[in-house]
Amino acid sequence: MKIVPALCSILLAAAVPGIAGAQYPSKPVRLIVPFPPGGGSDTLARILSPKLAEVLGQQLVIDNRPGGGTNIGAEIAAKSQPDGHTVLMGNVSHAINVTLYSKLGYDLVKDFAPVSLMASTPNILVVHPSVQAKSVKELVALAKAQPGKLDYASSGSGSSAHLAAELFSSMAGVKMNHVPYKGGGPAVVALVGGQCHVGFATTPSVIQHVKSGKMRGLAVTSAQRSPSTPDLPTVSEAGVPGYEAGTWYGFLVPAGTPKTIVMRLHAESVKLLKLPDVRERLDAAGFDPIGSSSTEFSAYIRTEIDKWRKVVRAAGVRAD
């Protein structure tokens, strides 16, 4: 029986999965960022994308898809062809949303194949310079003296910034007004402009404003001080013992993506984190590079879902 060359190639690729992966990528790769420009996820994407495009040999297009508390971008990614040409910049918000929303158009665990946990960063507790508080203790005292008078900006209802503020308010015994924005970028604009008084923003989105004096940094939300802002104490050591919150970022692809492609994406992405010029930019922006394995990232996502489920339920927050 005579088999035409094209059919022979198809049969061979199906029999040997690695061959299909060897042709990857065959067209530009879309990196979906479920936030508008200006926030931590977008900043990380723009640091990594040129280098990733270079090693993959194809253009890497950043596709900002804000809205729905990161769910719009996530659902688009989940329903994309599982061929490695669509990648989602996953974020801690996706783990939070599992509990925050009663119904999602995707399943974070079942509909995605984790590639790697790329980086993490603490949030920075910042205030507009007009706020008469130069420390965490002074902010707590001010909020207690004027309950409901301080407005805090977040990147959206149920976002990590929102829950970080709710956790702070609960542990410090204060009441502040939540003003949600459609992403970290718009929230930062509001803070710089003085439309809001307080924020728990990602380090990359505010570090330059803190250094320039457009915002006053009071503390970082991590368990330890951040190398990018060594002079800022942790919230815990500055007056709210035991407080800890943070943000992470990782690459996810649609479930069903061939393992060879996932492995290629993982290998190339992790290599980037070790490049001196990339590390320099990540450090300057306040990112802590990680580069976990796919298996480790999968386990981490499940842990984060359980962790934030408790916080969301304790805060009584719902986004539906």
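What is the distance in Å between the Cα centres of the stretch 144-160 and the stretch 166-203?
5
Looking at the square roots a ≥ b ≥ c of the eigenvalues of the Cα gyration tensor of the stretch 230-285, which shape do they give, rounded for a/c under 1.5, prolate if a/b is larger than b/c, or oblate?
oblate
Between the stretch 27-106 and the stretch 227-249, what is the C-alpha centre distance in whole Å?
Distance between centres, Cα-based: 27 Å.
So who's got an amide H within less than 5 Å of the one on residue 112, skipping anything under 5 residues away but keeping other chains? H placed 1.01 Å off N, in plane.
255
Under the rule a/c < 1.5 gives rounded, and otherwise a/b versus b/c splits prolate from oblate, where does the stretch 220-320 land using the Cα gyration tensor?
oblate
Considering only protein heavy atoms and a 1.4 Å probe, what is the carbon-and-sulfur percentage of the accessible area of the chain?
56
So who's got an amide H within less than 5 Å of the one on residue 119, skipping anything under 5 residues away but keeping other chains? H placed 1.01 Å off N, in plane.
249, 290, 291
Binning at 20 angstrom from zero up to the longest distance, how are the C-alpha pair distances of the chain distributed in percent?
Taking all Cα pairs of the chain, the binned fractions are 33, 53, 12, 2, 0 percent.
Under a 1.4 Å probe, what is the accessible area of the stretch 100-256 per residue, stated in Å²?
Solvent-accessible surface per residue comes out at 38 Å².
If you fit an axis through the alpha-carbon atoms of helix 294-315 and take the longest principal axis of the Cα set of the chain, what angle between them do you get, 0 to 90°, nearest 10?
Helix 294-315 sits roughly 30 degrees off the main axis of the chain.
Once label points are set 7 Å from the Cα along Cα→Cβ at both residue 157 and residue 72, what is their separation, rounded to one decimal in nm?
1.6
Which loop-located trypsin sites (Lys or Arg not before Pro) does the stretch 97-189 contain, where loop means any DSSP state but H, G, I, E or B and the Cβ has at most 15 other Cβ atoms within 10 Å?
Here the trypsin sites (Lys or Arg not before Pro) that fit, given the DSSP loop and packing criteria, are 103, 110, 134, 149, 175, 182.
Along the Cα-to-Cβ line of residue 149, 7 Å from the Cα, sits a label point; which residues in the stretch 163-191 have backbone N less than 16 Å from it?
Inside the label zone: 174-177.
Angle check, please: helix 203-212 long axis (alpha carbons) against the longest principal axis of the chain (alpha carbons), in degrees 0 to 90, nearest 10.
50
Over the chain, what is the percentage of antiparallel beta bridges among all DSSP beta bridges, to the nearest 5?
Bridges in the chain are about 60 percent antiparallel.
Which of the residue pairs 110/175; 271/310; 182/211 have a Cα-Cα distance greater than 29 Å in the structure shown?
Going by Cα-Cα distance, 110/175; 271/310 fall outside the 29 Å limit.
Give me the accessible area of residue 225, 1.4 Å probe, in Å² rounded to the nearest 10.
Accessible area of residue 225: about 110 Å².
Could you compute the FRET efficiency for residue 268 and residue 130, with r as their C-beta to C-beta distance and R0 at 56 Å, rounded to 0.05?
After rounding to 0.05, the efficiency reads 0.75.
Checking the cross-link filter: which aspartates and glutamates have an alpha carbon closer than 19 Å to that of residue 103, excluding same-chain neighbours under 8 positions apart?
Within the straight-line limit of under 19 Å, residue 103 reaches these aspartates and glutamates: 75, 111, 304, 306, 320.
Starting from the exponent 0.38 and prefactor 2.2 Å, build the expected Rg for the stretch 56-147 from its residue count and divide its actual Cα Rg by it.
Scaled against compact globular proteins, the figure is 1.56.
How high is the FRET efficiency between residue 81 and residue 178 when r is their beta carbon distance and R₀ equals 35 Å, given to the nearest 0.05? Each step should come with its number before you reach the end.
Working: r = 38 Å, r/R0 = 1.09.
Efficiency computed from Cβ-Cβ geometry: 0.40.
The values are calculated or read from the model by the stated rules, or taken from the named source; none is laboratory data. Here the structure is a predicted model, which means the values were calculated and not measured. Note: ideal-geometry Cβ built from the backbone for every residue, glycine included; neighbour counts use all protein chains shown. Remember, those area values only see protein heavy atoms, side chains included, never the ligands or the DNA or RNA. Shrake-Rupley method; radii C 1.70, N 1.55, O 1.52, S 1.80 Å.
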